[in-house]
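The values are calculated or read from the model by the stated rules, or taken from the named source; none is laboratory data. Remember, predicted model here, so these are calculated numbers, not experimental data. Cβ atoms come from the backbone with ideal geometry, glycine included; neighbour counts cover every protein chain shown. Accessible surface is based on the protein model in full, side chains and every heavy atom, while ligands, DNA and RNA are left aside. Shrake-Rupley method; radii C 1.70, N 1.55, O 1.52, S 1.80 Å.
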Amino acid sequence: MTAENNRRSWMSVLAKTPAGRLLALWHELGAEPDFHWLRAPEIGATMVRGRLGGTGAPFNLGEMTLTRCALQLESGAVGHGYVQGRDKDKARVAALVDALMQTEQAEAVRAAILTPLQAEMTASKGTRAAKAAATKVDFFTMVRGED
């Protein structure tokens, strides 16, 4: 299974993208399928864990707010939305995109929503990396001629 077809990949893109951008692309797509809630959007908190140096022992960093929901399309496909913050509309759209990615409309949804979002995330990551690289300082040690 390629990364583009991987559910984990598209769920990550949906969760990380700004709400305004996701909603704008959703409205451009114009799809508003009939669905019923399995779990209406609800706001809660989740514990964020961290590791020192990426490899150390895990520790509780703190809590963050999270909005989640689950829905089922009339076709039977089930979609889940988990997003950071308190945005119920973003969670609903994320769940709808997730559900549609499991139907015959997957390619249209990928082309209209996921591909542009992934391209924007990649460009943003490259910009951040370039800014960080511009501040890099290379240290070197001059060898004295005594030894």
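Which members of the range 84-140 meet the condition of being part of a helix (DSSP H, G or I), among the basic types (Lys, Arg) and either in contact with a Pro (Cβ under 6 Å, 6 or more places away or on another chain) or closer than 25 Å to Thr65 by Cα (or both)?
Answer for the range 84-140, where residues must be part of a helix (DSSP H, G or I), among the basic types (Lys, Arg) and either in contact with a Pro (Cβ under 6 Å, 6 or more places away or on another chain) or closer than 25 Å to Thr65 by Cα (or both): Lys88, Lys90, Arg92, Lys125.
Looking at the range 119-137, is at least one residue open to solvent by 70 Å² or more (accessible area, probe 1.4 Å), more than 14 Å from the chain's Cα centre (by Cα), at pLDDT 80 or above and of a type outside the set (A, V, I, L, M)?
No, that holds for no residue.
List the number of the failed condition for Ala15; all other conditions in (1) at pLDDT 95 or above; (2) closer than 21 Å to Leu114 by Cα; (3) of a type in the set (A, V, I, L, M) hold.
Of everything listed in (1) at pLDDT 95 or above; (2) closer than 21 Å to Leu114 by Cα; (3) of a type in the set (A, V, I, L, M), Ala15 misses just condition (1).
Yes or no: Arg51 touching a Pro at 6+ places or on another chain (Cβ under 7 Å), among the charged types (D, E, K, R) and either open to solvent by 50 Å² or more (accessible area, probe 1.4 Å) or farther than 19 Å from Ala111 by Cβ (or both)?
Judged against the criteria, Arg51 is a match.
Among residues belonging to the range 23-37 that are in a helix (DSSP H, G or I) and open to solvent by less than 30 Å² (accessible area, probe 1.4 Å), point out the one that is farthest from Thr67 (Cα to Cα).
Filtering first and then ranking leaves Leu25.
Of the residues Ala94, Ala130, which single one is among the small types (Gly, Ala, Ser) and in contact (Cβ under 8 Å) with a residue 40 or more places away in the chain?
Residue meeting the stated conditions: Ala94.
Sort out which residues of the range 91-111 are crowded, with 18+ Cβ neighbours inside 10 Å and over 30 Å from Gly44 (Cα atoms), and write them in order of number.
Gln105
Would you say Gly20 is loosely packed, with under 11 Cβ neighbours inside 10 Å and within 18 Å of the chain's Cα centre (by Cα)?
Taking the combined requirement at face value, the residue satisfies it.
Within the range 50-82, how many residues are in contact (Cβ under 8 Å) with a residue 12 or more places away in the chain, of a type in the set (Val, Ile, Thr) and either touching a Cys at 6+ places or on another chain (Cβ under 6 Å) or farther than 22 Å from Trp10 by Cβ (or both)?
1
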